[in-house]
Amino acid sequence: MFAEADSFPRSKFGNIMHSYPNMSIPGSGSEDDLYVRYSRASTSGPAYEAHRTSLEGSPITMSPWNQTTSFMKPSTAISDNDVPANSLIGSLTREEGHIYSLAATKDLLYTGSDSKNIRVWKNLKEFTGFKSNSGLVKAIVISGEKIFTGHQDGKIRVWKISPKDPSIYKRAGTLPTLKDVLKSSIKPSNYVEVKHKRALWIKHADAVTCLSLNVEQGLLYSASWDRTFKVWRISDSKCLESIRAHDDAVNSVVSIMSGMVFTGSADGTVKVWKREQQRKGAKHVLSQTLLQQDSAVTALAINTQGSVLYCGSSDGLVNFWEVEKQLSHGGVLKGHKQAVLCLEATENLMFSGSADKNICVWRKDGNIHTCHSVLTGHVGPVKCLAVEKNQESRSEQRWIVYSGSLDNSVKAWSVAEFAQIRATNKNQQHACFEFDSVSAPFASDETACSTSSSSQSRWH
């Protein structure tokens with residue numbers, strides 16, 4: 001049972017099913033399906049190949065959990081003795097629509113879809129869930145006992161875990177709060193022009209695309225299709241700033257401890273913002289523009305050390321910059337045939353999910369990035385990723401990678417930090433290509449990508 005009307009009863013049916021190779025996906029991969037804004041100048045659309053059978057040569061066909069064996073019992077921990085390196089652990093499927101957002105912490109996984117439900121999974125079994133009143137769930141972040149969710153209706157909802165029962169989630173509020181909305185609506189100066197309409201500056205006027213936490217400073221950042229990003233103080237849910245950041249939809253925002261904030265937009269730019277103290281308090285000011293290109297910027301990610309910024313684009317490329325070297329451009333990674341839709345990074349690994357249905361795993365060694373492996377098995381575009389360290393791994397460092405797709409499934413993968421790549425099928429080689437003609441060292445059965453330049457893009 002759940003505590004509020006927002007919650008929903010647990011399903012009486014099985015929670016985990018295999019993703020079938022012949023599963024069909026509604027629609028044709030249109031912009032409405034991908035729910036990411038592309039620049040009008042972008043030449044790379046979000047369409048994906050509906051006829052492709054990406055299960056051919058996939059780890060799912062070789063997994064010991066495939067077809068006849070159940071994935072795992074709720075009490076079973078994921079251990080490196082149980083799972084081969086770089087392999088599929090399991091698939092979670094509910095007939096609730098596309099998966100748009102994921103968040104993982106310890107042994108819990110949160111999934112958001114266009115059903116308005118947020119499901120909570122524990123060890124690959126459904127644990128509990130809660131439901132929002134409106135707006136599909138486009139972003140989820142976790143801060144202690146609070147969960148923040150960003151929605152298609154432009155609202156940010158706040159949830160708390162019951163101290164008495166960890167399976168019960170209660171809605172703790174909405175950003176902005178009703179009190180702040182009523183207070184702000186009195187003054188005409190609090191209204192701004194957004195898409196030819198008057199709106200309060202503290203409210204997003206379009207879908208919330210991304211959320212990013214700066215725990216050290218107690219701040220939450222939200223990005224939106226309304227071309228702004230907003231800054232929220234977590235302690236009292238107050239909107240501190242609203243910055244008109246781009247000329248088109250803001251698809252991603254990430255922040256780091258130093259106070260720098262990075263935003264990526266459908267206008268093809270990546271911008272750097274710094275939080276500076278002014279007479280009326282701290283304000284975010286534009287520091288520089290890292291990238292200007294025709295293709296839309298679709299995703300940003302920072303590695304856990306805060307030393308490398310990654311940027312995915314609708315042209316299938318991933319650019320990266322070295323934060324500790326005055327944000328010098330490090331190179332371009334080409335491993336996808338279609339738009340990059342999501343990125344996640346650990347200290348030395350970076351994961352890119354794409355409309356081509358694949359997940360590329362990149363290993364960083366200095367400023368050289370090597371294609372560690374390619375995870376295949378989804379039959380729709382990979383829309384979101386989440387990564388957690390496998391605490392049960394004893395012999396080597398392993399990560400649990402969760403991928404959400406427009407095929408309505410979430411897959412869990414075990415990825416080893418230093419596993420050697422192997423061909424998944426003699427007739428199917430997944431190569432991660434260099435961008436332009438730049439020489440780079442090659443490891444066994446791996447392909448490296450390093451610094452390059454392009455006449456279509458301008459780095460600053």
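The values are calculated or read from the model by the stated rules, or taken from the named source; none is laboratory data. These numbers were taken from a predicted model, which means no experiment stands behind them. Cβ sites come from the backbone with ideal geometry, for glycine too, and all protein chains shown count toward neighbours. Areas reflect the complete protein model, heavy atoms only, side chains present, ligands, DNA and RNA absent. Shrake-Rupley method; radii C 1.70, N 1.55, O 1.52, S 1.80 Å.
The table below lists the values:
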item	result
Residue list for region 303-322, restricted to those being under 18 Å from V253 (Cβ atoms) and crowded, with 21+ Cβ neighbours inside 10 Å	V308, L309, Y310, C311, G312, S313, S314, V318, N319, F320, W321
Members of region 375-385 that are outside any loop (DSSP other than H, G, I, E, B) and under 18 Å from A416 (Cβ atoms)	L375, L385
Residue list for region 93-112, restricted to those being at pLDDT below 90 and under 18 Å from the mean Cα position of the chain (by Cα)	G97, K106
Any hit, region 226-234, residues being of a type in the set (F, W, Y) and over 19 Å from R275 (Cα atoms)	no
Those residues of region 352-372 which are out of contact with any Gly (no Cβ under 9 Å at 6 or more places or on another chain), open to solvent by 10 Å² or more (accessible area, probe 1.4 Å) and outside any loop (DSSP other than H, G, I, E, B), in sequence order	R363, K364, D365, T370
Whichever residue in region 215-248 is touching an Asp or Glu at 6+ places or on another chain (Cβ under 8 Å) and either without any contact (Cβ under 8 Å) to a residue 40 or more places away in the chain or over 25 Å from L136 (Cβ atoms) (or both) and, among such residues, is most open to solvent (accessible area, probe 1.4 Å)	D247
Total residues in region 114-131, condition modelled with pLDDT under 90 and under 20 Å from the mean Cα position of the chain (by Cα)	5
Residue count, region 81-102 (criterion: open to solvent by 10 Å² or more (accessible area, probe 1.4 Å), among the aliphatic types (A, V, I, L, M) and either in a strand (DSSP E or B) or more than 26 Å from A416 (Cα to Cα) (or both))	2
Selection within region 251-278 - open to solvent by 10 Å² or more (accessible area, probe 1.4 Å), over 19 Å from the mean Cα position of the chain (by Cα) and farther than 20 Å from C239 by Cβ	M257, S258, M260, D267
Flag if H329 is open to solvent by 10 Å² or more (accessible area, probe 1.4 Å), under 13 Å from V318 (Cβ atoms) and outside any loop (DSSP other than H, G, I, E, B)	yes
When residues of region 163-200 are limited to those that are exposed (fewer than 15 other Cβ atoms within 10 Å of the Cβ) and acidic (D, E), the one modelled with the lowest pLDDT	E193
Residue list for region 136-162, restricted to those being assigned to a loop (DSSP other than H, G, I, E, B), open to solvent by 10 Å² or more (accessible area, probe 1.4 Å) and within 20 Å of T209 (Cα to Cα)	L136, Q152, D153, K155
Total residues in region 105-118, condition under 15 Å from E388 (Cα atoms) and open to solvent by less than 20 Å² (accessible area, probe 1.4 Å)	3
